[in-house]
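Notes follow once the structure below has been shown.
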Amino acid sequence: MKNFLFIWVVQVCCSVLVFGQGQPIDPKATAETQKLYQKLWKIRQKGVMFGQQDALAYGLNADATRWIGDEGRSDVKTVVGDYPAVIGYDLGRIEFDSVRNLDGVPFSKIKKDIEDTYKRGGLNTISWHLNNPVDPTRSSWDKADSTIKHLFENPQALQTYTLWLDKVATFVTNLKGSKGELVPVLFRPFHEHTGSWFWWGANYCTPTEYQKIWHFTVDYLMNKKGVHNILYGYSTDRFTSKEHYLERFPGDDNVDLIGFDFYHRNAPASNETFKKEAIRMVETLKTIGTEKQKLTAITEMGLEQITVADWWTGIVWPIIQKTDLSYILVWRNGRPDHFYAPYQGQQSAKDFVMFYRLPQTLFTKDVKKLYK
Ligand code: BMA
């Protein structure tokens, strides 16, 4: 018995050392979700996964006109021959049973892309630019003071919000693998909350109110609805210090992955400042991740229109090179004036190929076994 106990203790210690914390916050997480969680720790020894929002839904042709919905197509694949290892999606408008999300992607297509990405062994992550449950006619971006306070004071608004969460739960529990198993997703609600452009932003709620909606959301999905194929990601926007990052943190028991969103603006004048700022934030994230035993990622980043030809090897690579990030994700190739990954012939495409060839940047072919 003693021997057995000793072996067990050694095994647990080894798995903590190798995989980090070992378990997602949801004690009932499905087998695939647990496996994914462990692999997200392990993958860090190999490198950093590359991701893009809506990478399979639409993009840009060589002449910068848009393509939409072409089967199996992705601008990243056109440029480097492989899919991003991480694909992001947004559930905005699921609240209203809309056929398409806020960027025009049919929810049926999002479901298919998530299932296909899972089959290829990639990671799926979901954001949610939801409307305001206190006044559903208002979007995420309509700044409304104290929405969260009003939400919890108003039973009707809270009912609206729970109905919206029911729709999220239904969507997530309809994502299936080939054996009928649930496809795990990384959900990162109420993102960029250190900024003040969404109704859940820093100027419109107190830290306690922010934590309250986070706790309500996780508890409702996990315990009331019994959804067990979700990992939860907490992602701020720019932050100034560890204290600032953690000001609204909803607690170790409510978050699986910590990250931040950070965009490069005003290039090339700001190239060095951006790099320096991003490195500072990645280092802070690493400290917090180590202390709390949480996975880390740059949950959104990018330079709109990638106007710096060597942005990938010259700016992104130095930021992520010596880190323990599980992934970085660039935003969507939405329009000729609003894209974040190169398309065929785009001025940073050659540099992106060099970035792709770096052994520590991971794309789908490098991560096939995230669920095994
Ligand atoms: C923003 C822009 C918008 C889009 C939103 C949600 O950053 O890309 O055009 O609607 O994200 O995806």
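Kindly indicate whether any position in the range 53-62 is farther than 24 Å from Thr361 by Cα and away from the ligand (no atom under 16 Å from the Cβ). Yes, that holds for at least one residue. Ala144 passes every criterion in (1) more than 20 Å from the chain's Cα centre (by Cα); (2) more than 16 Å from Thr33 (Cβ to Cβ); (3) away from the ligand (no atom under 16 Å from the Cβ); (4) modelled with pLDDT of 95 or more apart from (4).
If we scan the range 192-207, do we find a residue that is touching a Pro at 6+ places or on another chain (Cβ under 9 Å) and either surrounded by fewer than 20 Cβ atoms within 10 Å (Cβ to Cβ) or among the basic types (Lys, Arg) (or both)? No, every residue in the range 192-207 fails to be touching a Pro at 6+ places or on another chain (Cβ under 9 Å) and either surrounded by fewer than 20 Cβ atoms within 10 Å (Cβ to Cβ) or among the basic types (Lys, Arg) (or both).
For the range 45-71, what are the residues that are surrounded by fewer than 19 Cβ atoms within 10 Å (Cβ to Cβ), closer than 19 Å to Arg120 by Cα and in contact (Cβ under 8 Å) with a residue 12 or more places away in the chain? Can you show your working first?
Here is the first cut: in the range 45-71, the residues surrounded by fewer than 19 Cβ atoms within 10 Å (Cβ to Cβ) are 45-46, 61-71.
So of that shortlist, the ones also closer than 19 Å to Arg120 by Cα come out as 46, 69-71.
Hits for the range 45-71 are Lys46, Gly69.
Please count how many residues of the range 86-126 are away from the ligand (no atom under 12 Å from the Cβ), among the charged types (D, E, K, R) and either touching a residue at least 12 places away in the same chain (Cβ under 8 Å) or open to solvent by less than 10 Å² (accessible area, probe 1.4 Å) (or both). Number of matching residues: 9. All of (1) assigned to a loop (DSSP other than H, G, I, E, B); (2) closer than 26 Å to Glu283 by Cβ; (3) out of contact with any Gly (no Cβ under 6 Å at 6 or more places or on another chain) hold for Tyr340 with one exception: (3).
Condition check ((1) of a type in the set (Asp, Glu); (2) within 16 Å of the ligand (Cβ to nearest atom); (3) in contact with a Lys or Arg (Cβ under 7 Å, 6 or more places away or on another chain)) across all residues:
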{"residue": "Val316", "(1), (2), (3)": "no, no, no"}
{"residue": "Val330", "(1), (2), (3)": "no, yes, no"}
{"residue": "Gly334", "(1), (2), (3)": "no, yes, no"}
{"residue": "Ser348", "(1), (2), (3)": "no, no, no"}
{"residue": "Arg357", "(1), (2), (3)": "no, no, no"}
{"residue": "Leu370", "(1), (2), (3)": "no, no, yes"}
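Quickly run through the range 299-314 and pick out the residues that are of a type outside the set (S, T, N, Q), at negative phi and within 16 Å of the ligand (Cβ to nearest atom). If you could, list the steps in order and put the result at the bottom.
Residues of the range 299-314 of a type outside the set (S, T, N, Q): 300-304, 306, 308-312, 314.
Retained after the next criterion (residues that are at negative phi): 300-301, 303-304, 308-312, 314.
Across the range 299-314, the qualifying residues are Glu300, Met301, Leu303, Glu304.
Results for (1) open to solvent by 10 Å² or more (accessible area, probe 1.4 Å); (2) not hydrophobic (A, V, I, L, M, F, W, C), shown as yes or no for each residue.
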| site | (1), (2) |
| --- | --- |
| Val316 | no, no |
| Ile319 | no, no |
| Thr323 | yes, yes |
| His338 | yes, yes |
| Thr361 | no, yes |
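Considering the range 164-177 alone, what residues qualify as being closer than 19 Å to Met222 by Cβ and either in contact (Cβ under 8 Å) with a residue 12 or more places away in the chain or assigned to a strand (DSSP E or B) (or both)? Selection gives Trp164, Leu165, Asp166, Lys167, Val168, Ala169, Phe171, Val172, Thr173, Asn174, Leu175. In the set (1) open to solvent by 10 Å² or more (accessible area, probe 1.4 Å); (2) charged (D, E, K, R); (3) away from the ligand (no atom under 16 Å from the Cβ), the condition left unmet by Asp82 is number (1).
Pairing each residue of the range 215-237 that is more than 25 Å from Thr194 (Cβ to Cβ) with any residue that is acidic (Asp, Glu) and in a helix (DSSP H, G or I), provided the two are 6+ apart or on different chains, yields C-beta distances under 9 Å for Lys225/Asp166; Asn229/Glu32.
The values are calculated or read from the model by the stated rules, or taken from the named source; none is laboratory data. Here the structure is a predicted model, which is why all the values come from computation and not from measurement. Glycine also receives a Cβ, built like all others from the backbone with ideal geometry; neighbour counts cover every protein chain displayed. Ligands, DNA and RNA are stripped out before the accessible areas are found, and what is left, the full protein with its side chains, is counted by its heavy atoms. Shrake-Rupley method; radii C 1.70, N 1.55, O 1.52, S 1.80 Å.
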